[in-house]
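Down below is the structure, laid out as structure tokens.
The values are calculated or read from the model by the stated rules, or taken from the named source; none is laboratory data. Nothing here was measured: the structure is a model prediction, and the numbers come from that model. Here the Cβ positions follow ideal geometry from the backbone for every residue, glycine too, while neighbour counts run over all protein chains shown. Each accessible area value is taken on the protein alone, full model and side chains, heavy atoms only, with ligands, DNA and RNA left out. Shrake-Rupley method; radii C 1.70, N 1.55, O 1.52, S 1.80 Å.
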Amino acid sequence: MHSPQPATPPRRALGANTLTALASAAFATVYSLAFWRLLVASDLPPGLAGAGFLFAAFLVLFALNGLFLSLLAWRGVQKPALAGLLVVAAALAYFMDGFGAVVDRHAVQSVLETDLREGSEWLSWQMAAYLLGLGLLPAVLLMRLPVHYRPWPRELLARGGFVLLLFVLMGAAIAPFARDFAATARNHGQLRHLASPLNLLNALRGYVKHAGPSEPAVVAPLGADARQAGPSEAEPLLVLVVGESARASSFSLGGYARETNPELAAAGVAYFGNVRSCGTNTATSVPCLFSNLGRAHYDEARAKGQENLLDVLVHAGFFVEWEDNNTGSKGVARRLPEERMGAAGPGSDCPAGGCTDEVLIEHLRLEIERKRGLDEVFVLHQIGSHGPAYYERYPDDFARFRPDCRSAALQSCTPEQIRNSYDNTILYTDHVLAQLVALLREEGKHRPTALVYVSDHGESTGESGLYLHGAPYALAPDEQTRVPMIVWTSPAFEAWRGLDPACVQARRDREISHDHVFHTLLGLLDVKTSAYTPALDALAGCAPAA
Ligand SMILES: [Zn+2]
């Protein structure tokens, strides 16, 4: 008589809980180095207590990871789920370690709403190394790892015991340091954006919670009473250039030691150097800039649910069009014509990295030549200083600050190279804006013309270890929130509007913000509407108010 052999686990096979514990420890350390870097730099208790607190923090992070991963620790689920998380956590580690990025809902939004061209810019050898070394390789090893799963009633019992153990461990770790944990959570809330994979879970939850319906059913009208008060035959033309990642501290018009604005300096523009952005990323700043909510009351869903500056201008009788060389108007131009530059069609002469901003000048020339016989506003949305591939933003003639960084992997360049590349993008923006002014000066012989330029947010190029932008606003450095703004008006515009250019110049050092753009443009274009607030018009009083 042979009785069937009882199924014995293969030798060296791990249990599901052991695998969970190993993965939790790995995520809490190698994949969350940015978390530890920030925690160590925070105000730790002195001496041995500090070391004890760090160890307790590790236990808490380990236990939290373990609780989450325990949900996935089932036959057929655990290995593929962990393998997927390893690859994602490797990519997150690349951005957190290399760029000082945080993984919050705004980051998720930027990734999901970015087009492919922008995404492919991130690919680099360094990223491949992270993905391979921390992602794919461990994932493949994991898939080959023998893991033993018990019949489910016993597995469930073992899981219950393991979860209980994690709770006890967490309690024991927190108890002696309760006050330190509370203080750290209060003062360094961004730590939660730096521990993978829980940061991603938290960010996705936040993103889903805040993502309203993309097309609100009803858009509340704004400024439906708007009318253009100037002489009707004047046909004014205003060009609003929305910059990208340009920071005030790199504009020589504002005192930067390098000459990054030679052409604008000669063009006689008014430069405003104390302008605060609404957000530190495009997805926040652009809709906020055009809304009348102001930074204090800005909310994405609210802004989507009501009309904006461009709609008010349409109510006032302007022809308004959005010309985009970036990643779209973020819904601002939803009710207007929006044209994408170099939209990858046949005949597009843009390289793979996208068109440089000169394409906007040629496009504006064509728009002007159409002679619509209307009051017109064109919004030009630049690619500007969009990182990390700064070198793709300017033609070789503008690689004036050398050596520049010829890679999207900023870690592979010296701080000097990165700053040179960034300054070259500003030098090129200087050229583009000066060319636009020249075009409008020519057109200004026939009609009132004006140009307003304002950047969406600033940029870090390595100051305090930060790169790019997107830092939480309250913690964001000056480089990310102080943006350049320029106003230029033709003599015909000044005559039409009764605008005193000396008065405009005298306002240049005032502390203003994106909150002022909505009202300043309405004032500049002599639009009468109940939506206009003179107190937020940076140029109020420089021209007669009707
Ligand atoms: Zn931006």
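Brief remarks follow.
- Stokes-Einstein translational diffusion, the chain - Kirkwood Rh over all Cα pairs, 0.890 mPa s, 25 °C, in µm²/s: 94 µm²/s
- Test item: Cα-centred dipole of the chain, Lys/Arg +1 and Asp/Glu -1 on Cβ, debye: 2880 debye
- Each principal axis of the Cα cloud of the range 253-404 was evaluated for its coordinate range; sorted largest first, these ranges are 47, 40, 32 Å.
- Cα convex hull volume per residue for the range 92-197 (Å³): 173 Å³
- The relative contact order of the chain, computed from alpha carbon pairs under 8 Å that lie at least 6 residues apart in sequence, is 20 percent.
- 5 Å-binned pair-distance histogram of the range 459-523 (Cα, whole percent): 4, 13, 19, 19, 13, 12, 8, 8, 4, 1
- Over 30 Å (Cα to Cα) - which of Lys209/Lys330; Lys330/Lys445; Lys330/Lys528; Lys79/Lys330; Lys304/Lys371 fall in this group: Lys330/Lys445; Lys79/Lys330; Lys304/Lys371
- Computed helical MRE - 222 nm, the chain, DSSP H runs ≥ 4 contributing -39500 (n - 2.57), nearest 500: -13000 deg cm²/dmol
- Extension gain for Asp43-Ala224 works out to 59.8 nm (0.36 nm per residue, less the C-alpha to C-alpha distance).
- A Cα-only calculation for the range 348-437 places Rg and Dmax at 15.3, 53 Å.
- Candidate residues His297, His386: accessible-area rank, largest first, probe 1.4 Å: His297, His386
- The 1.4 Å probe gives accessible areas that order Glu235, Glu362, Glu459, largest first, as Glu362, Glu235, Glu459.
- Over all projection directions, the Cα-based convex hull of the range 408-546 averages an area of 10.4 nm².
- For the chain, hydrophobic long helices are taken as DSSP H runs at least 20 Å long by C-alpha position along their axis with mean Kyte-Doolittle hydropathy of 0.0 or more; these are 47-70, 78-99, 152-174.
- Antiparallel DSSP beta bridges within the chain, as percent of all bridges there, nearest 5: 35 percent
- Kirkwood-Stokes translational diffusion coefficient of the range 193-295, alpha-carbon pairs, 10 °C, 1.306 mPa s, µm²/s: 85 µm²/s
- Semi-axis lengths, Å, the range 360-411, gyration tensor of Cα atoms, sqrt of 5 times eigenvalues: 34, 12, 7
- Annotation note: trypsin sites (Lys or Arg not before Pro) in the range 417-463 located in DSSP loop regions with a Cβ neighbour count of at most 11 within 10 Å are Lys445.
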